[in-house]
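Notes for the one structure printed next.
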Protein chains: 2
Amino acid sequence: MGIRYNVKDFGEFILLQFELDSGVIDPSELEEAVAKAPPLPGNKGVVISGRGPIWLFAALCHKYHPSQWVATYDPRLGAVVVETHTKKRRVGEVISTTLQE
Amino acid sequence: MGIRYNVKDFGEFILLQFELDSGVIDPSELEEAVAKAPPLPGNKGVVISGRGPIWLFAALCHKYHPSQWVATYDPRLGAVVVETHTKKRRVGEVISTTLQE
């Protein structure tokens, strides 16, 4: 099962990028893929980015829901906040920080 | 903001189908879209189905995370469980019940 995670600290949030070795993932690999995702500090936001199915994003969002907020990266828009536990960020907010190198 | 929800009870779980009136949604509409999603019983699973962006699925999964389990419907595979609070369903399990009429 090939999934690699890359973590980058942007101060207010962590960018968690995943990459599927073969470009695809089977649902039978989901549990292990989520388990392999690194622990992240709970006092920051998390932006999840990568090319993968909706159910992979959804499972990763659930893993990180103790974080301050969670966003998913949409290549057309930027990082869209999908859940938040802080008044600093609203659901639906688009984080405009450039996330690419 | 046009999103419509359709709820169908399959016994073990509720199928929640959404439909975007214009086929698209802007992140600024996400909070309202999630608020419009109907309350569902917490003692069943929830399968979320529809054509929409990852961030809409992720926000809806978060709304329903008190449910027994949450799955997202993948047209190629079926409903894939992304989070569970019961031993009856595993993360990554594909619900094979036919969900279409």
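The values are calculated or read from the model by the stated rules, or taken from the named source; none is laboratory data. In this text, all values refer to a predicted model and were calculated from it rather than measured experimentally. Please note: Cβ atoms are built from the backbone with ideal geometry, for glycine as well, and neighbour counts cover all protein chains shown. Just the protein is used for accessible areas: all its heavy atoms, side chains included, with ligands, DNA and RNA removed. Shrake-Rupley method; radii C 1.70, N 1.55, O 1.52, S 1.80 Å.
Within region B:18-40, being in contact (Cβ under 8 Å) with a residue 24 or more places away in the chain and within 26 Å of A:PRO75 (Cβ to Cβ) holds for B:PHE18, B:GLU19, B:LEU20, B:GLY23, B:ILE25, B:PRO27, B:GLU29, B:LEU30, B:GLU32, B:ALA33, B:VAL34, B:ALA37. Scanning region A:11-41 for residues that are at pLDDT 95 or above and part of a loop (DSSP other than H, G, I, E, B) yields A:ILE25, A:ASP26, A:ALA37, A:PRO38, A:PRO39, A:LEU40.
Among the residues of region A:1-56, the ones that are open to solvent by 70 Å² or more (accessible area, probe 1.4 Å), out of contact with any strand residue (DSSP E or B) (no Cβ under 9 Å at 6 or more places or on another chain) and closer than 24 Å to B:PRO53 by Cα come to 4 in all.
Screening A:VAL47 against (1) within 9 Å of the chain's Cα centre (by Cα); (2) over 25 Å from B:VAL47 (Cβ atoms); (3) at the interface with chain B (Cβ under 9 Å from one of its Cβ atoms) leaves a single unmet condition, (3). In the set A:VAL80, A:VAL70, A:VAL91, only one residue is at the interface with chain B (Cβ under 9 Å from one of its Cβ atoms), buried (at least 20 other Cβ atoms within 10 Å of the Cβ) and part of a loop (DSSP other than H, G, I, E, B); that residue is A:VAL91. Scanning region A:89-101 for residues that are at pLDDT 95 or above and not β-branched (Val, Ile, Thr) yields A:ARG89, A:ARG90, A:GLY92, A:GLU93.
Within region B:57-67, if we keep just the residues that are touching a strand residue (DSSP E or B) at 6+ places or on another chain (Cβ under 6 Å) and part of a helix (DSSP H, G or I), the residue that is surrounded by the fewest Cβ atoms within 10 Å (Cβ to Cβ) turns out to be B:HIS62.
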